[in-house]
Each structure stands twice: as C-alpha cells, then as structure tokens.
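*Asks:* Quick one: the structure is below, questions incoming.
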Amino acid sequence: LALALRRTGDEYEGLAARILEIAHARDAERALSALEQPFAACAGRTAVDLVVLGECQALVQRCRTLCIAAVQRRFYGPKERFFPGLRALLSPDSGPAESPDAAVPGVAAAAGGVVAGDA
C-alpha cells in the first residue's frame with residue numbers, strides 16, 4: 001500500500017510540474033500567482049507550502065525558476081522589491097528549465113550547494 005501511494009504521489013508531482021512548466025511558458029506572473037493561492041481544503045496552505053511539506057524535489061528541480069520566485073516574493077514582498085536578477089528569471093525567455101545560478105548572484109548552486117561568489 002505504501003509503495004502504491006508513493007507511486008501515485010510521484011505521478012501527480014510529475015503532472016503538477018508539467019502544468020507549471022506550461023503555465024510558466026505562457027504567463028510567468030500568473031504561474032507564480034497560482035503557486036501562492038491558498039487552498040481552503042489544505043488549511044489555507046499555498047501550493048508552495050505543500051511543495052515544501054511534501055518534499056517535492058522533482059517538482060522543485062523542474063520548476064526551480066518559479067519556486068525561487070515564489071520564495072523571493074514571500075520573503076521580500078511585491079516584485080518591485082525583488083533583488084536584482086529576479087525579473088530575468090520571471091521573463092518568458094528564461095523558460096522553466098533555466099538554471100537560476102547564472103542569473104541570480106547569491107543563490108546556492110543545485111550541485112553541491114556552492115553559493116555564487118564563494119567558490
């Protein structure tokens with residue numbers, strides 16, 4: 001039973017990642033807003049909260065641009081206050097699979113956790 005539940009969870013995680021990739025390609029700002037909407041059925045938690053609580057690493061890897069933007073928005077507020085480089089991440093040209101490490105100084109690299117500028 002546990003294995004079946006895990007497989008089902010992995011399948012839905014993959015579907016969610018694909019939907020976010022398509023949404024990001026069409027309208028990055030709306031995709032980001034979708035991640036921030038609270039779900040009444042989940043005690044008001046947002047999609048970003050559920051991704052973190054569910055340890056959805058595959059989704060974060062596939063949609064890291066949007067995940068970074070959602071975390072930035074939560075900590076720093078409206079996009080006018082985002083740190084330099086985040087607008088480039090949200091632009092449609094960046095695509096959902098672009099590595100944020102080159103575009104945003106100070107973001108830990110996915111491989112090895114090296115922070116840009118510290119290496």
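*Asks:* Looking at the structure I just gave you, is residue 64 surrounded by 13 or more Cβ atoms within 10 Å (Cβ to Cβ) and at pLDDT 90 or above?
*Replies:* So residue 64 fails the test.
*Asks:* In the range 27-42, which residue that is without any contact (Cβ under 8 Å) to a residue 12 or more places away in the chain and in a helix (DSSP H, G or I) is most open to solvent (accessible area, probe 1.4 Å)?
*Replies:* The extreme case among them is 30.
*Asks:* For residues that are part of a helix (DSSP H, G or I) and more than 19 Å from residue 65 (Cβ to Cβ), tally how many sit in the range 1-26.
*Replies:* Residues that pass the stated criteria total 11.
*Asks:* Next question. When you go through (1) touching a Cys at 6+ places or on another chain (Cβ under 9 Å); (2) open to solvent by 80 Å² or more (accessible area, probe 1.4 Å); (3) not hydroxyl-bearing (Ser, Thr, Tyr) one by one for residue 55, which number turns out not to apply?
*Replies:* Among (1) touching a Cys at 6+ places or on another chain (Cβ under 9 Å); (2) open to solvent by 80 Å² or more (accessible area, probe 1.4 Å); (3) not hydroxyl-bearing (Ser, Thr, Tyr), residue 55 violates only (1).
*Asks:* Report yes if some residue within the range 5-21 is farther than 19 Å from residue 61 by Cβ and open to solvent by 60 Å² or more (accessible area, probe 1.4 Å); otherwise report no.
*Replies:* The answer is yes; a qualifying residue exists.
The values are calculated or read from the model by the stated rules, or taken from the named source; none is laboratory data. Predicted model, so just to flag it, every value in this text is computed and none were measured. We place every Cβ from the backbone using ideal geometry, glycine too, and count neighbours over all the protein chains shown. Ligands, DNA and RNA are excluded from the accessible area calculation, which covers all protein heavy atoms including side chains. Shrake-Rupley method; radii C 1.70, N 1.55, O 1.52, S 1.80 Å.
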